[in-house]
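Below is one structure, written out as structure tokens; the observations come after it.
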Protein chains: 2
Amino acid sequence: MYDGAVQDLIDELGRLPGIGPKSAQRIAFHLLSSDASDVARLAETITTVKEKVRFCTVCGNVAEAELCRVCADPRRGEDQICVVEEPKDVVAIERTREFHGKYHVLGGAIDPMNGVGPDDLRIRELLTRLGDGKVQEVIIATDPNIEGEATATYLTRMLAPIGITVSRLASGLPVGGDLEYADEVTLGRAFEGRRTVS
Amino acid sequence: MYDGAVQDLIDELGRLPGIGPKSAQRIAFHLLSSDASDVARLAETITTVKEKVRFCTVCGNVAEAELCRVCADPRRGEDQICVVEEPKDVVAIERTREFHGKYHVLGGAIDPMNGVGPDDLRIRELLTRLGDGKVQEVIIATDPNIEGEATATYLTRMLAPIGITVSRLASGLPVGGDLEYADEVTLGRAFEGRRTVS
């Protein structure tokens, strides 16, 4: 419906996840009425991210060098590896400041419905990292949904014979939430995982 | 939280309308895992739109030349001008195929709360266009909300002494809504049922 360049932009924006045709149009007109320098900067950051960003050769996290920020940090412990699905999960855990070991990013979760099997994840690379005997504990922090649980179960079975401690993040009630709004599964897990406090 | 380029991209995406931090992160990681050629094409369309697209010198619609597609079309009637707020409203009305005249894009609506007065809109340019005596009817198609109605009222009063027929799109458009979200049939009916207001 629009002249060439505007329609091209709306089409391209509409391909991004979570952006429908109306949002794409809104963003396109926002860009049209923005300062040329702001728009140039957006285009540049998009180009730069593909040029500069690669994935850490050790853990699979996003990185701008051979190693990511965590793997390159000598203060991080070598004895614990926290296994996550995606780089954004690394960021979420870093924000807690609770973990001082290293990470391993699988690049997804086992999801047979969408054709993702164990071989599509960075599980072989995880086994290689465990080979040097430095790692004492693998903490599985996959998402608490069907795919994440399946991946956790798979990893647990695979790591059992190696004799390394394998742990899984606790499931339970979200802090600050209301007990009455918790779903049955979560509340059930919170019961199972209850701890003696006195 | 992320290394330079990824965070820069998330920040830039987060400045777009309707994109929160989580969506920005999701889009950033989508781009990271997309083909380099797709990402380059997105960056290019963003740059191109600012280079190529300007505004029609007659009606204020988006254009890639001196005149927009409608103003450059010799088959479009010179006797009717449909006044809209934004270029996206032109697209919405074109989709109905009910109107065969020309447009005038105001570039917004009178909105004192946000400091937009009549002088900030392309009203002077509209008066200039009416000067040659060819135009028989001005159809006011501003949004059916408070700002749009205020703009319509202002235009009606201003155009009354000129002796040109001024009409307003019929009700049938849901009050409080946005013109661009109306479906074609409703918008088409509103065109058919427009009433002379002065």
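The values are calculated or read from the model by the stated rules, or taken from the named source; none is laboratory data. Nothing here was measured: the structure is a model prediction, and the numbers come from that model. For neighbour counting, all protein chains shown are included, and Cβ atoms are generated from backbone atoms with ideal geometry for every residue, glycine included.
Output the number of residues of the range A:127-139 satisfying the condition of being touching a helix residue (DSSP H, G or I) at 6+ places or on another chain (Cβ under 9 Å) and closer than 16 Å to A:ASP79 by Cβ.
Let us first name the residues in the range A:127-139 that are touching a helix residue (DSSP H, G or I) at 6+ places or on another chain (Cβ under 9 Å), namely A:127, A:130, A:135, A:138.
Imposing the further condition that a residue be closer than 16 Å to A:ASP79 by Cβ reduces the set to A:130, A:135, A:138.
Residues in the range A:127-139 being touching a helix residue (DSSP H, G or I) at 6+ places or on another chain (Cβ under 9 Å) and closer than 16 Å to A:ASP79 by Cβ: 3 in total.
In the range A:32-58, which residue that is farther than 30 Å from A:VAL135 by Cα and of a type in the set (A, V, I, L, M, F, W, C) is surrounded by the fewest Cβ atoms within 10 Å (Cβ to Cβ)?
First pass over the range A:32-58, keeping only residues farther than 30 Å from A:VAL135 by Cα: A:32-52.
Checking which are of a type in the set (A, V, I, L, M, F, W, C) leaves us with A:32, A:36, A:39-40, A:42-43, A:46, A:49.
Working: A:LEU32: 18, A:ALA36: 11, A:VAL39: 20, A:ALA40: 15, A:LEU42: 21, A:ALA43: 21, A:ILE46: 24, A:VAL49: 24.
That would be A:ALA36.
Out of B:THR165, B:THR156, B:THR151, report the one residue that is within 24 Å of A:HIS30 (Cα to Cα) and in contact with a Ser or Thr (Cβ under 9 Å, 6 or more places away or on another chain).
The match here is B:THR151.
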Give me the pairs: first residue in the range A:70-84 and under 14 Å from A:THR165 (Cα atoms), second residue loosely packed, with under 15 Cβ neighbours inside 10 Å and of a type in the set (S, T, N, Q), beta-carbon distance under 7 Å, and six or more apart or on different chains, which are they?
-> A:ASP79/A:GLN136; A:GLN80/A:GLN136
Scan the range B:178-195 and report the pairs whose first residue is among the small types (Gly, Ala, Ser) and whose second residue is at pLDDT 75 or above and in a helix (DSSP H, G or I), with Cβ atoms within less than 8 Å and a gap of 6+ or a chain change.
-> B:ALA182/B:ALA92; B:ALA182/B:ALA190; B:GLY188/B:THR96
Of the numbered conditions (1) surrounded by fewer than 16 Cβ atoms within 10 Å (Cβ to Cβ); (2) modelled with pLDDT under 90, A:ASP120 fails exactly one; give the number of that condition.
-> (2)
Wholly within the range B:17-96, which helices (runs of 4 or more DSSP H) include no fewer than the required count, namely at least 3 residues that are more than 10 Å from every other protein chain (Cβ to nearest Cβ)?
-> B:87-96
Identify, by number, the condition in (1) in the same structural domain as B:PRO144 (by TED's automatic domain parsing); (2) under 30 Å from A:ARG97 (Cβ atoms) that B:ARG26 doesn't meet.
-> (1)
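Could you check how many residues of the range A:1-10 are surrounded by 16 or more Cβ atoms within 10 Å (Cβ to Cβ) and either aromatic (Phe, Trp, Tyr) or within 8 Å of chain B (Cβ to nearest Cβ) (or both)? Break it down stepwise before answering.
First, the residues of the range A:1-10 that are surrounded by 16 or more Cβ atoms within 10 Å (Cβ to Cβ): A:2-3, A:5-10.
Keeping just the survivors that are either aromatic (Phe, Trp, Tyr) or within 8 Å of chain B (Cβ to nearest Cβ) (or both) gives A:2-3, A:5-6, A:8-9.
Qualifying residue count, the range A:1-10: 6.
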Would you be able to tell me the number of residues in the range B:111-153 that are more than 18 Å from B:ALA190 (Cα to Cα) and of a type in the set (Gly, Ala, Ser)?
-> 5
Does the range B:59-103 hold any residues that are buried (at least 20 other Cβ atoms within 10 Å of the Cβ) and more than 22 Å from B:LEU187 (Cα to Cα), and which are they?
-> B:ALA63, B:CYS68
Residue by residue through the range B:112-153, note down the ones that are out of contact with any strand residue (DSSP E or B) (no Cβ under 9 Å at 6 or more places or on another chain) and in a strand (DSSP E or B).
-> B:VAL116
Selection from the range A:123-161 of residues surrounded by 14 or more Cβ atoms within 10 Å (Cβ to Cβ), aliphatic (A, V, I, L, M) and within 17 Å of the chain's Cα centre (by Cα) yields A:ILE123, A:LEU126, A:VAL138, A:ILE139, A:ILE140, A:ALA141, A:ALA150, A:ALA152, A:LEU155
